[in-house]
Amino acid sequence: MTEAIRKNFASDNIAPVCPEVMAALERVNHGSAAAYGEDPATAALTALVKDVFEHDAWVFPVATGTAANSLALSAATDPFGAVVCDQSAHIANDEGGAPEFFMHGAKLVPIPSADGRMDVADLDRALTANEGHGVHTSPIQTLSLTQSTEWGTVYTLDHLQGLTARAREAGLNTHLDGARLGNAIAALGCRPADVSWRAGFDMLSFGGTKNGAMAARQS
């Protein structure tokens, strides 16, 4: 990576592909392979994810984080429902309406925070207010959190578990936008399983592009 790229903070996905990733792409770019996830590379990826996250998993490689988030949320939320997220969330500010489009009309309900980390008490107030409107509002069906956050802050494991526990009480599905999950794992010194399914999440959008891959994200 050149010094000019290293000092460019406009975005964390402007750098070239990691050399090791490019070499891996060249190794598999030969012969023929079945489409629609039936190829050996996708099978190997699924096995690796299961091993790294210490849990059974369905893995769906897609080209962008917007696609991963939108497809995951559409699978968890009815068209008449809503997703609660932090006001700084990428799904609310930087994905051009794609989550609402793929959810066929479901709403995003942003919650204000001081540093990109949703507070359990604020989530509780939002859920209580939503329930109070009855049939006149879109019911909140999914909680979406971002780790690391858009502010660069990191949720502690206890903080995540408190939020997902409250979501479970309300019968919500849970989604984690992990565009920078590797950074959070390094900062927390934890295992990938600790910050994902053990923290109470049903779905994870795991970023590859921001870590040197070529247009890669797993949902």
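The values are calculated or read from the model by the stated rules, or taken from the named source; none is laboratory data. Please read these numbers as outputs of a predicted model, since none were measured by experiment. Glycine gets a Cβ as well: all are built from the backbone with ideal geometry, and neighbour counts include every protein chain shown.
Every residue, every condition in (1) of a type outside the set (V, I, T); (2) under 28 Å from I140 (Cα atoms), yes or no:
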residue: S32; (1), (2): yes, no
residue: A35; (1), (2): yes, no
residue: P40; (1), (2): yes, no
residue: V49; (1), (2): no, no
residue: P61; (1), (2): yes, yes
residue: T66; (1), (2): no, yes
residue: N69; (1), (2): yes, yes
residue: A72; (1), (2): yes, yes
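Name the residues in the range 36-65 that are modelled with pLDDT of 95 or more, touching a Ser or Thr at 6+ places or on another chain (Cβ under 9 Å) and assigned to a helix (DSSP H, G or I), would you?
The answer is F53, and nothing else.
If you scan the range 168-197, which residues turn out to be touching a Lys or Arg at 6+ places or on another chain (Cβ under 9 Å), surrounded by fewer than 18 Cβ atoms within 10 Å (Cβ to Cβ) and of a type in the set (D, E, K, R)?
Result: R191, single match.
For the range 198-209, what are the residues that are surrounded by fewer than 20 Cβ atoms within 10 Å (Cβ to Cβ) and assigned to a helix (DSSP H, G or I)?
Correct list: R198, T209.
Mind listing just one residue for me: the one in the range 14-61 that is more than 22 Å from P192 (Cβ to Cβ) and hydroxyl-bearing (S, T, Y) and, of those, farthest from the chain's Cα centre (by Cα)?
Among those that are more than 22 Å from P192 (Cβ to Cβ) and hydroxyl-bearing (S, T, Y), it is S32.
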